[in-house]
């Protein structure tokens, strides 16, 4: 159940979330610095670039020397300088805490981030990222960045390419469409990273051809087009964009709800055929209606807030107990939600539990004269049962954006039992297809791939243990992926003990199948350690960063 640095997000997160905490900290920090500096600084804009979301690596210590020229104070004002430095350090600590909570709380509304601009940067400067931060990290990847190949398919947004280039990656092969399987096998054979959307299917057979592949970037929310188990077993991390298109999907659902309540699809179709249905029958305002949300994740919560703004009563059902936003109310069962809602909308992932969760029984349990909207996954609703309910007027309308079987290209024929029903809105899986959403998705996924390539950070991977270890300047980093079996960590540490290698930092995380450990060691020992680690039983793959 799922940019401009100085610009404010068009979506204001609900009060009380960590997203607003960060925003408040930024404003307070800027205001504090303005007070301390007096006339030297007219506004907080100069400080804003220092308090954007922080990468998971150690930063250079914040000081007045890092501020823009307009915010510097005279060197003689030592007392003022110390006050500023102290203030900056306190707020940096607050923002680090908020950022970590944001990244780890996957699926929470707080993780929705405002769009950011990719700054111009020297491609040879690996410590300059798209967010404009300068920080201490691994000086470069062990394999020269010009030799690390990115294969981007299906017209991934240009913002992703900009992020990769800004981080120093130049070997980028870009395709506007998905590739035939035979060609994809050939292309993926020498790719280190691949970026896809929803059409490309990455199967176990394809992964067998991808001997160099390190990670997959799904430039969308869903990952059902990727064999996640096969990727994990081969030590390939998979990343997606669970938050970047939430606003777009929520807006589409709300717009469809308004149109269906007014009977607009039928009236529009009639006018196109020369008809004229001027009537208030089955035409309603959205204010005061009950919206039932199935799946109170990042999209469900944002829809909840928008719907309340239009005067709707919001109820939701989720398998987990969730903190409601605004005046939303969680109900205890799916049937309770179906029986009370004027509009039911689905926002769940594709799992064995959600497959065909809305069938004939559930549709008949819905209030007579209600509306069903599905912008989640095509395998969630039984369309034949829905078509029957529309035809016999049990439901007054529906909107479907996702389907069990979808055309592979815009030239293929679309088949559905809902075709020809005037009071059903059919859209070609475009819930997240807006310019803003695609740009944000490009930023979000590309940044995750860059972080994983540059320093091994796997936070928010959908199939991999989540690890983030701050960098230790001057050290080499070893990344070891292994089967999750007893004794591996003991064997890893034995390698270092027997060879007299001191560990500067170490972090291990496991899931049900694999373990992932990140280790920082002195530079002169990395080759020896790497060779020894590869010999440990259960090793899937390892790499070294320096």
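The criterion of at least 1 residues that are surrounded by fewer than 20 Cβ atoms within 10 Å (Cβ to Cβ) and under 21 Å from the mean Cα position of the chain (by Cα) is met by the following helices (runs of 4 or more DSSP H) wholly inside the range 201-287: 228-233, 246-261. Go through the range 357-384 and report how many residues are in contact with a helix residue (DSSP H, G or I) (Cβ under 7 Å, 6 or more places away or on another chain), crowded, with 18+ Cβ neighbours inside 10 Å and not in a strand (DSSP E or B). Residues meeting the conditions: 5. The lone criterion from (1) at pLDDT below 95; (2) crowded, with 22+ Cβ neighbours inside 10 Å; (3) not in a loop (DSSP other than H, G, I, E, B) left unmet by residue 138 is number (3). Mind listing whichever residues of the range 472-501 are part of a loop (DSSP other than H, G, I, E, B), at pLDDT below 95 and in contact with a strand residue (DSSP E or B) (Cβ under 6 Å, 6 or more places away or on another chain)? If the condition is that a residue be part of a loop (DSSP other than H, G, I, E, B), at pLDDT below 95 and in contact with a strand residue (DSSP E or B) (Cβ under 6 Å, 6 or more places away or on another chain), then 472, 501 are the ones that fit. For residues in the range 306-328 being in contact with a helix residue (DSSP H, G or I) (Cβ under 8 Å, 6 or more places away or on another chain) and part of a helix (DSSP H, G or I), which is nearest to residue 287 (Cα to Cα)? It comes out as 307.
Could you please let me know if residue 177 is under 21 Å from residue 232 (Cα atoms) and surrounded by fewer than 18 Cβ atoms within 10 Å (Cβ to Cβ)? Explain how you work it out, then say what you get.
Values: under 21 Å from residue 232 (Cα atoms): no; surrounded by fewer than 18 Cβ atoms within 10 Å (Cβ to Cβ): yes.
No, not satisfied.
The criterion of being in contact with a strand residue (DSSP E or B) (Cβ under 9 Å, 6 or more places away or on another chain), buried (at least 20 other Cβ atoms within 10 Å of the Cβ) and in a loop (DSSP other than H, G, I, E, B) does not hold for residue 164.
Listed here are the residues, each with its yes/no results for (1) at pLDDT 95 or above; (2) buried (at least 17 other Cβ atoms within 10 Å of the Cβ); (3) not assigned by TED's automatic domain parsing to the domain that holds residue 228.
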site	(1), (2), (3)
505	no, no, yes
514	yes, yes, yes
517	yes, yes, yes
521	no, yes, yes
528	no, no, yes
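For the range 332-356, enumerate the residues that are assigned to a loop (DSSP other than H, G, I, E, B), in contact with a strand residue (DSSP E or B) (Cβ under 9 Å, 6 or more places away or on another chain) and surrounded by fewer than 18 Cβ atoms within 10 Å (Cβ to Cβ). Matches in the range 332-356: 332, 333, 356.
Restricting attention to the range 145-156, the residues that are surrounded by fewer than 22 Cβ atoms within 10 Å (Cβ to Cβ) and in a loop (DSSP other than H, G, I, E, B) add up to 4.
Residue-wise test of (1) in the same structural domain as residue 149 (by TED's automatic domain parsing); (2) touching a helix residue (DSSP H, G or I) at 6+ places or on another chain (Cβ under 8 Å); (3) assigned to a loop (DSSP other than H, G, I, E, B); (4) surrounded by fewer than 21 Cβ atoms within 10 Å (Cβ to Cβ).
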{"residue": "442", "(1), (2), (3), (4)": "yes, yes, no, no"}
{"residue": "450", "(1), (2), (3), (4)": "yes, yes, no, no"}
{"residue": "463", "(1), (2), (3), (4)": "no, yes, yes, no"}
{"residue": "470", "(1), (2), (3), (4)": "no, no, yes, yes"}
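The values are calculated or read from the model by the stated rules, or taken from the named source; none is laboratory data. Please read all numbers here as calculations on a predicted model, not as lab measurements. Positions of Cβ are generated from backbone atoms using ideal geometry, with glycine treated the same way; all protein chains shown enter the neighbour counts.
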